[in-house]
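Working notes, beginning with the structure itself.
Taken together, the values in this text are just the output of simple stated rules run on the coordinates, not laboratory data. Note that the coordinates shown come from a computational prediction; the quantities given were computed from them, not determined experimentally. As a convention, Cβ positions derive from the backbone with ideal geometry for all residues, glycine included, and neighbour counts pool all protein chains shown.
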Amino acid sequence: MKSPLLTLALTTTLLATPALAAEATFPVTPTGAAAFIADAEKQLAAFSLDAARTQWVNATFITDDTDALAATSGAQGTLLSVKLAKAAARFNTVKGLDFDTRRKLDFLRQGIVLPAPDRAGAAEELATLSTRMTSTYGKGKGTFKGQPTNGNDLEALMGTTRDPALTKEMWESWHKVGQPMRADYARMVEIANEGARELGFADTGAMWRAGYDMPADDFAKMIDTLLAEVNPLYTDLHCYTRFKLNEKYGDAVQPKTGPIRADLLGNMWAQDWSAIYDVVAPKGAGDIGYDIGDLLTAKGKDPVAMVRTGEAFYSSLGFAPLPETFWQRSMLTKPADREVVCHASAWNLDNKDDLRIKMCIKVNASDFVTIHHELGHNYYQRAYNKQPYLYLNSANDGFHEAIGDFAALSVTPDYLVKIDLLDASKVPGASRDVGLLLRQALEKVPGMPWTALVDKWRWDVFSGKTPPAAYNQAWTDVRLKYQGIIPPVTRTEADFDPGAKYHVPASTPYARYFLARVLQFQFYEAACKQAGWKGPLHRCSIYGDKKVGEKFNTMLAMGASKPWPDALQAFTGTRAMTGKSMLTYFAPLQTWLKQQNKNQQCGW
Ligand code: X8Z
Ligand code: ZN
């Protein structure tokens, strides 16, 4: 039953927050700008704790009520940030601003993921659409052998199932989760674009591209340059994998030429193919002798123990242990009695040390990597927690995504021996380097085209180049163009396949993962050099190296206070993102792949 008192209370709060137009009273001068920033940081800080708690409760306990609370809070947050963005624009032409004030004004103007226009009700409608889509995703089910199955279980089953009729069933049924989001998504795009235009951007995609310390057009070009740099490696891997899939499944399931069927790659989105290592591995050199999931199971490690192992890695670099509240408040496994958003995320609710992760951990290799990934976010958040509010962020969003992946690159066979997961006698020798590298390549390289295409699709949607009537075809087209994959079943515009990927309903920009893939190898190569590593790059582990840890922490502690090239330089000595480190890491594998592919017609 609806309580009139509660409705009244909510309405009052809603009206109270945005009504203050005090921003207009700050003089349009350098001093006025600095005072405005100080006030804006205060307002944002005051808003953020309750908002974060509301979003946390919603994501870990989805009900109609928590959806409503999250939508109300989300609308308030949007109203506040749009109000501040507009006020920040008043200082656009002021000369003589100090570096920090100018930088923070830019963040205020550019940093809104989904801006709402000023007209009454727009922020509320936008927040309601967003919450509904995220919760629809969280509650989504597909089927396995006809049984309703949640997304988290389907993700794992896609990794272990080798019957193409069953992978097709899972793929097709899970992608139905997107269908009901289509109209909401189109409406969300309209409102956010209206908001972006009021803030002076051509559309929401242009606003997303503006946050990288460089002109937005240069950012899009940089992505294309980096993709072109690493793409030959992807094409080699695609070619070899297609050959092995054809060998296993035959021409009727996977033809020798053309694209790969999307459901055969061990992952719902074909973004990480490491789960099918057993299918792809060559005899002999491919026998690396262990699977991390099996090692964890053999040692009786449960999800908590897996997170403890991740924590110990960071501790070995000199990072302080996670606070006790992390263990009390995190959600590490899927609760049996309620709906949650299983897609992994890391939080710092009070911007100090209320660190948490939210995950539905399974004991397997993929979740072991994801734990390191999420903890990377948490250690970054804590490292920059002394920065002023508007600098409580990463150097760019790719940095945030790269930290934990960089850590996980140190999970080498020798490291597994050190932490007593692998028996020393089982360490694969140099003759197995191809296998180790192939396993890593299947995890990392398919992510290159994939992490580039998600926002290429969205940028075109936001710009209007792709209208709602072409949403799905455009998605299928970029999947084919960049990844060389095709859906296992016919698609129509009744489908909305992008909605079956968490970051689309959740409106999490995705180019960050592309940058992270490049950056993690740059961090890793630099770290191994600092550690004095002389062997093949992929055998290097910085586990236990406090000197490297200290230098790494220096970069993390900078938060968003400096342009990202400064942060990159602080740790690696270079100022540019480059695919070279990744190519160096995989160089021996690429030579091997080219030999394997010499009788193949590669490409699609
Ligand atoms: O979403 C994530 C993390 C949370 S920030 C689990 N990742 C991307 C994905 O799952 O699609 C990490 C890899 C790419
Ligand atoms: Zn992440």
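Laid out as a table, the results:
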| quantity | calculated |
| --- | --- |
| Cα-based helix-to-principal-axis angle, 64-89 vs the chain, degrees rounded to 10 | 70 degrees |
| Using alpha carbons only: equivalent-ellipsoid semi-axes of segment 20-124, gyration tensor based, whole Å | 30, 14, 11 |
| Dipole of segment 413-546, positive end: most advanced residue of 452, 515, 482 [Cβ charges, Cα centre] | 515 |
| In degrees, nearest ten, helix 30-60 long axis to first principal axis of the chain (Cα) | 60 degrees |
| Rg/Rh for the chain, where both radii come from Cα atoms and Rh is the Kirkwood radius | 0.95 |
| 222 nm mean residue ellipticity, helices alone, for the chain (DSSP H n ≥ 4; -39,500 (n - 2.57); rounded to 500) | -18500 deg cm²/dmol |
| Spatially proximal lysines relative to residue 546 (Cα-Cα < 24 Å; intrachain offsets below 8 disregarded) | 352, 386, 418, 529, 534 |
| Where trypsin sites (Lys or Arg not before Pro) fall in DSSP loop in segment 275-315, at most 12 other Cβ within 10 Å | 283 |
| Debye equation applied to the C-alpha atoms of segment 367-445, log10 I(q)/I(0) at 0.17 Å⁻¹ | -0.78 |
| Of 574, 536, 548, farthest towards positive along the dipole that unit charges on Lys, Arg, Asp, Glu beta carbons give segment 529-604 | 536 |
| Hydrodynamic radius of segment 222-305 per Kirkwood, over alpha carbon pairs, in Å | 15.1 Å |
| Placed amide H near residue 149: partners under 5 Å, 5+ positions off or other chain | 142, 143, 144 |
| Relative contact order of segment 493-604, pairs being alpha-carbon contacts under 8 Å that are 6 or more residues apart, as % | 27 percent |
| Acute angle (nearest 10 degrees) that the helix 164-175 long axis makes with the longest principal axis of the chain, alpha-carbon atoms | 0 degrees |
| Extension gain, residue 298 back to residue 591 (0.36 nm per residue minus Cα-Cα distance, nm) | 102.0 nm |
| Derived scalar couplings ³J(HN,Hα) [segment 265-270; Karplus, 6.51 cos²θ - 1.76 cosθ + 1.60; whole Hz; x for Gly, Pro] | 9, x, 8, 4, 10, 6 |
| Sites matching trypsin sites (Lys or Arg not before Pro) across segment 511-574 that sit in DSSP coil, with at most 14 neighbouring C-beta atoms within 10 Å | 534 |
| Counted charge near residue 322, where neighbours are those whose Cβ lies closer than 12 Å (Asp, Glu -1; Lys, Arg +1) | -1 |
| Reachable aspartates and glutamates, given that their alpha-carbon falls under 13 Å from the alpha-carbon of residue 42 and they are not under 8 places away in the same chain | 23 |
| Those lysines that a straight Cα-Cα span of less than 16 Å connects to residue 334, excepting residues fewer than 8 apart in one chain | 139, 141, 358, 362 |
| Lys, Arg +1 and Asp, Glu -1 on Cβ, resulting dipole of segment 77-162 about Cα centre, debye, nearest 20 | 140 debye |
| For segment 393-408, Karplus couplings with θ = phi - 60° (6.51, -1.76, 1.60), whole Hz, Gly/Pro x | 7, 7, 4, 8, 5, x, 4, 4, 6, 8, 4, x, 5, 4, 4, 5 |
| For segment 50-93, alpha-carbon Rg over 2.2 N^0.38 Å | 1.52 |
| C-alpha center-to-center spacing [segment 120-159, segment 459-505] in angstrom | 17 Å |
| Positive minus negative residues near residue 63 (Lys, Arg vs Asp, Glu; Cβ under 14 Å) | -2 |
| Net +/- balance of residues flanking residue 462 in space, Cβ distance below 13 Å, scoring K and R +1, D and E -1 | 0 |
